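K.L.:
One structure is given below, represented as structure tokens, and several questions about it will come after.
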Amino acid sequence: MSVKAKTRQHIIEAAQKLFLLHGYSNMSVDDLARELGISKKTIYNHFSSKSELLMAGIEQFALEYQEKADTILNNVDLTLRQKVAAYLRFIGMSFANINQGFWTDIKRSEPEAWKKACEIRRDIPLKHFSQLMDEGVRVGYLRDDSSRHIAMLTYVAAIQQLTDLDFLNQFPEAITSALSKELPERADQIVNLLLHGLLTPRFYNEIT
């Protein structure tokens, strides 16, 4: 990697850290320059604006996320159960520092970046969940019918909506306060709900 590319990467990584720590709107290019110990001019040699820097950070996160997730899902030494468990743990590590306030901030202040983030949060999980579903069908764990496609869409839609404060604020606090504060736990709950449902064994025993 060239010196220029390394500097650009270093700027992106530092900006990601500050965006998440202080919020996008509260962080200035001056703050970033102080954090890096470089001039604003150096930053502007690589990025024309804070908006462009945010977009680069989102794209970098998506690239790294997809590469690491693909490594898990394409590991032939893991069973399907192990892949699902490892993937959910990976979600936990990847999103541990991203709070709902960050998404709300960029949704209101940077609509183009928000749109890009929504596309990424839709397309990448859809790809991975589809891969897991296909493998589930191959090994006989899942039915090969339209219900798995509904499950995929439900999963992706739920993940997107449950990180949108504007969406959640439409509902009574008695409901939203019961949700896990952490995205990985919510993702795990969604998967469990899709695979196992709400019904207990007692329901089926009473039917029979």
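One line per residue, one yes/no per condition, for (1) under 20 Å from LYS116 (Cα atoms); (2) at pLDDT 90 or above; (3) of a type outside the set (Asp, Glu):
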residue: THR7; (1), (2), (3): no, yes, yes
residue: LEU20; (1), (2), (3): yes, no, yes
residue: ILE38; (1), (2), (3): no, yes, yes
residue: TYR44; (1), (2), (3): no, yes, yes
residue: SER48; (1), (2), (3): yes, yes, yes
residue: ALA62; (1), (2), (3): yes, yes, yes
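K.L.:
Which residues, taken from the stretch 166-185, are surrounded by 14 or more Cβ atoms within 10 Å (Cβ to Cβ) and closer than 18 Å to LYS107 by Cβ?
P.N.:
Listed by number, the residues that qualify are LEU168, THR176, LEU183.
K.L.:
Here's something else I'd like to know. Just name the residue that is surrounded by the fewest Cβ atoms within 10 Å (Cβ to Cβ) out of those in the stretch 186-207 that are among the aliphatic types (A, V, I, L, M) and in a loop (DSSP other than H, G, I, E, B).
P.N.:
As a first pass, look at the stretch 186-207 and keep what is among the aliphatic types (A, V, I, L, M): 187, 190-191, 193-195, 198-199, 207.
Subset that is in a loop (DSSP other than H, G, I, E, B): 198-199.
On the way: LEU198: 6, LEU199: 9.
Selected residue: LEU198.
K.L.:
Within the stretch 67-85, identify whether any single residue is in contact with a Ser or Thr (Cβ under 9 Å, 6 or more places away or on another chain) and either more than 29 Å from ARG138 (Cβ to Cβ) or not in a loop (DSSP other than H, G, I, E, B) (or both), and answer yes or no. Don't jump to the end; show me each part of the working.
P.N.:
We begin by selecting, within the stretch 67-85, every residue in contact with a Ser or Thr (Cβ under 9 Å, 6 or more places away or on another chain); these are 68-69.
Of the ones still in play, those that are also either more than 29 Å from ARG138 (Cβ to Cβ) or not in a loop (DSSP other than H, G, I, E, B) (or both) are 68-69.
Checked against the condition, which is being in contact with a Ser or Thr (Cβ under 9 Å, 6 or more places away or on another chain) and either more than 29 Å from ARG138 (Cβ to Cβ) or not in a loop (DSSP other than H, G, I, E, B) (or both), the stretch 67-85 yields at least one hit.
K.L.:
Separate question: So for the stretch 15-26 (the condition being surrounded by 13 or more Cβ atoms within 10 Å (Cβ to Cβ), more than 21 Å from PHE102 (Cβ to Cβ) and either out of contact with any His (no Cβ under 7 Å at 6 or more places or on another chain) or in contact (Cβ under 8 Å) with a residue 40 or more places away in the chain (or both)), does at least one residue qualify?
P.N.:
No, there is no match, as no residue in the stretch 15-26 is surrounded by 13 or more Cβ atoms within 10 Å (Cβ to Cβ), more than 21 Å from PHE102 (Cβ to Cβ) and either out of contact with any His (no Cβ under 7 Å at 6 or more places or on another chain) or in contact (Cβ under 8 Å) with a residue 40 or more places away in the chain (or both).
K.L.:
Here's another thing I want to ask about it. Counting only residues that are among the aliphatic types (A, V, I, L, M), touching a residue at least 12 places away in the same chain (Cβ under 8 Å) and part of a helix (DSSP H, G or I), how many does the stretch 123-146 have?
P.N.:
The total comes to 4.
K.L.:
Quick test for you: out of PHE102, PHE61, pick the one residue that is out of contact with any Gly (no Cβ under 9 Å at 6 or more places or on another chain), part of a helix (DSSP H, G or I), of a type outside the set (Asp, Glu) and not assigned by TED's automatic domain parsing to the domain that holds LEU20.
P.N.:
PHE61
The values are calculated or read from the model by the stated rules, or taken from the named source; none is laboratory data. Predicted model, so just to flag it, every value in this text is computed and none were measured. Glycine also receives a Cβ, built like all others from the backbone with ideal geometry; neighbour counts cover every protein chain displayed.
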